[in-house]
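A.B. asks: Sending over a structure as structure tokens; questions will come in a sec.
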Amino acid sequence: MKIVSLVPSVTETLLAWNIEPTACTRFCEQPSLRHVGGTKDPDIASIFALQPDLVVVDREENRKEDAEALIAQGITVCDLHVVSVHDVPREMQRLSDLVGGPTLELSERVEQEQRSIAFVPIWRRPWMTISEKTYGATLLKCLGIHVFQPDSPDAYPTLSDDDLAGLAAQMVLLPTEPYVFAERHIAEVQERTGISDVRIIDGKDLFWWGARTNDALARLGKDLARL
């Protein structure tokens, strides 16, 4: 079966199932596989030339117009929709059924009692964060960490420098993607927010769902054990 994955989480999951995609995006971090553009700018012509049996997209990760362009070319598209850790079992089983993958154990995630509120920036200049409407926020809830919720309807709100100075949070979690936060940013964030507890966490563990989810919860839980 010729599968093109336009979702990094899906590419990783397929490989974990010993199913090698015919092609993927450059953001999937698989240099040995053929690349067909990015998640937001896939090369539609190159994908069509491959004549895949299936192209996998995700509503959060990819653009609707690209999925529609593929469908218009007669290509079968699997449209996943993961915005919560609770969506993962259902969507992964749906994917597995389509590609001949394993039968998965479907277990419901339990959100722990709130232990702390964390500010989780995902971009700098401008500062952006995640809301409770995102997969990463629901993953953290399973570890007892609630994200700081700005007064905004957006899933990924933008904050001003003044907003940073008045955060109702006890800690700051700096993921290593999509913005590559590193140790050099800790002092700046501490100064801007006035919060001393600032930690670097693995961005893939926070935002890549699928085969990674179980181990990501274990790793992040260990990293965040000290509150």
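A.B. asks: List every residue whose amide H lies under 5 Å from the amide H of Met171, counting only residues 5 or more places away in sequence or on a different chain, with H placed 1.01 Å from N in the peptide plane.
C.D. replies: Amide H neighbours of Met171, under 5 Å, 5+ apart: Ile117, Phe119.
A.B. asks: Which value at 222 nm does the chain reach when only helices count, each DSSP H run of 4 or more adding -39,500 (n - 2.57), with the total divided by all residues and rounded to the nearest 500 deg cm²/dmol? Walk me through the numbers on the way to the answer.
C.D. replies: On the way: 9 runs with 72 residues, N = 227.
Calculated mean residue ellipticity at 222 nm is -8500 deg cm²/dmol.
A.B. asks: In addition: Quick one: Cα convex hull volume of segment 104-143, Å³ per residue?
C.D. replies: With only Cα atoms used, segment 104-143 gives 85 Å³ per residue.
A.B. asks: Rounded to the nearest 5, what % of DSSP beta bridges with both residues in segment 3-99 are antiparallel?
C.D. replies: Details: 1 of 12 bridges.
The antiparallel proportion sits near 10 percent.
A.B. asks: When the scattering of segment 116-223 is computed by the Debye formula from its Cα atoms alone, each counted once and equally, what is log10 I(q)/I(0) at q = 0.20, 0.24 Å⁻¹?
C.D. replies: Relative scattering, expressed as log10 I(q)/I(0), comes to -1.04, -1.53.
A.B. asks: Would you mind telling me the antiparallel percentage of the DSSP bridges in segment 116-223, rounded to 5?
C.D. replies: Here the share of antiparallel DSSP bridges comes out near 30 percent.
A.B. asks: Evaluate the Kirkwood expression for the hydrodynamic radius of segment 3-99, namely the inverse of the mean inverse distance over all pairs of different C-alpha atoms, and round to one decimal in Å.
C.D. replies: Kirkwood hydrodynamic radius for segment 3-99: 13.2 Å.
A.B. asks: Restricting to Cα pairs below 8 Å that are 6+ residues apart, what does the relative contact order work out to for segment 116-223? Please round to a whole percent.
C.D. replies: Dividing the mean separation by the residue count of segment 116-223 yields 27 percent.
A.B. asks: Here's another thing I want to ask about it. Nearest 5 percent is fine: what portion of the DSSP beta bridges confined to the chain is antiparallel? All intermediate terms of the calculation are to be shown ahead of the outcome.
C.D. replies: Working: 5 of 25 bridges.
The antiparallel fraction comes to roughly 20 percent.
Read-outs throughout are calculated quantities, based only on the coordinates presented, and are distinct from any laboratory measurement. Keep in mind the model is a prediction, meaning the values are calculated, not measured.
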